[in-house]
Amino acid sequence: MKVVLPEEKALNKKQLAIYITIVIVCIISVIIAFYVQFYARIDLGRFIGIETETEFGNKTEEQTEEIKARFEQIFINTIENGEGQDNKKKEIDQPLVYTKMQRKENKLDYYDIEVNIPYINIDNPKIEEYNKEIESFVEKTNNILESQNQNIIYTVEYVANVYDDILSLMIRSNLKEGTNAQRIIIQTYHYDLRNNKEITLDKILRMENLNQSDIQQKINNEIEIAQKKVQDLSDLGYTIYSREVSSDRYNIENATEYYLTNNTLYIIYAYGNETFTSEMDLIVI
């Protein structure tokens, strides 16, 4: 005897299959979201098997040289892409990074200053450490204004950016005191807004799927080329800043000055941070 199931029963089986599929998709989505949120920053396309092209690490020589040539123009004394972080702010009506001190003043034969000194508007102990360090630019400005030293030129400018929940702040200072050589100082600060902690360069390289060995080789090559150029000038009798190409300072794990934007990573070796020189090596990734 042939038994025919009622149509209603068949329909219930179809519905059950649909419900099970929806539940499985939801569980997978929650797992992916949880993993990305708490354990890693990954390219979701790569995670599910879709390869996506990135500009990080893929720039041509012409693109790299153009970015280097425009480096001084990126200091716009404000933050880019800083919206949507109100829950992190210490002062809700101010941007995530804003200008705390702005001063432009000239006193003939004494000083010429133009400073825009930033403040990181986040309520966090590590950020408080950053802001205390940044206060040194305010103190330097006040000392110049109060001093009787002659012929001082002092500028401070900055740029900040939020990319993939990473806050990057870069400050550039130009100092010329009397007969001393011009000094360019670069200080950078990096904060993981998602996990509320400082972030290092090697972690950023992993986040952007960049091979650390390849980046290290790029740094070594560019430092060697820079040293060769200045050595040629030295042979012609010019006074130059000499780089010790084998120094550990060029190891990625020791890099402290870098700046991350939405398609470029700058690694900066500003030798004026330690001595009176304007020499600087800029590695563009």
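Tell me, what ³J(HN,Hα) does each residue in the stretch 222-237 have, in order and in whole Hz, if you take phi through Karplus 6.51 cos²θ - 1.76 cosθ + 1.60 with θ = phi - 60° and put x for Gly and Pro?
5, 5, 4, 5, 4, 5, 4, 5, 6, 5, 4, 5, 4, 5, 8, x
Apply the Karplus curve 6.51 cos²θ - 1.76 cosθ + 1.60, θ = phi - 60°, to the phi angles in the stretch 193-208 and return the couplings in whole Hz, x for Gly and Pro.
5, 6, 10, 6, 7, 5, 10, 9, 4, 5, 5, 5, 4, 5, 4, 9
Can you work out ³J(HN,Hα) from phi for every residue in the stretch 185-190, in order, using Karplus 6.51 cos²θ - 1.76 cosθ + 1.60 and θ = phi - 60°, giving whole Hz and x for Gly and Pro?
With coefficients 6.51, -1.76 and 1.60, one gets 10, 10, 10, 10, 9, 9 Hz.
Using packing as a proxy for protection, rank 191-202, 263-274, 66-77 so that the peptide with the highest average count of other Cβ atoms within 10 Å comes first. Can you show the working numbers first?
Working: 191-202: 16.5, 263-274: 18.8, 66-77: 13.1.
Output ranking for 191-202, 263-274, 66-77: 263-274, 191-202, 66-77.
Which of the listed residues, PRO118, ALA160, SER173, is farthest toward the dipole's positive end in the stretch 107-189, when Lys, Arg count +1 and Asp, Glu count -1 at the beta-carbon?
The listed residue farthest towards the positive side: SER173.
Can you give me the accessible area per residue for the stretch 146-234, using a 1.4 Å probe, in Å²? Provide the component values of the computation, followed by the final result.
Working: 4050 Å² over 89 residues.
With all protein chains present, the stretch 146-234 gives 45 Å² per residue.
According to the square roots a ≥ b ≥ c of the eigenvalues of the Cα gyration tensor, what is the shape class of the stretch 73-227, taking rounded for a/c under 1.5, prolate for a/b larger than b/c otherwise, and oblate for the remainder?
Numbers: a/c = 2.65, a/b = 1.30, b/c = 2.04.
Here the stretch 73-227 falls in the oblate category.
Set Lys and Arg Cβ to +1 and Asp and Glu Cβ to -1, take the dipole of the stretch 178-249 about its Cα centre, and tell me which of TYR238, GLN216, ILE184 lies farthest positive.
Value computed over the given set: ILE184.
For a quick check: with amide H placed at 1.01 Å from N, whose amide H comes under 5 Å from GLU198's, ignoring anything fewer than 5 positions away on the same chain?
HN-HN under 5 Å from GLU198: ASP192.
The values are calculated or read from the model by the stated rules, or taken from the named source; none is laboratory data. Because the structure is a prediction, the values reported are computed rather than measured. Cβ coordinates were reconstructed from backbone atoms using ideal geometry, including for glycine residues, and neighbour counts include every protein chain displayed. Heavy atoms of the whole protein, side chains included, go into the accessibility calculation; ligands, DNA and RNA do not. Shrake-Rupley method; radii C 1.70, N 1.55, O 1.52, S 1.80 Å.
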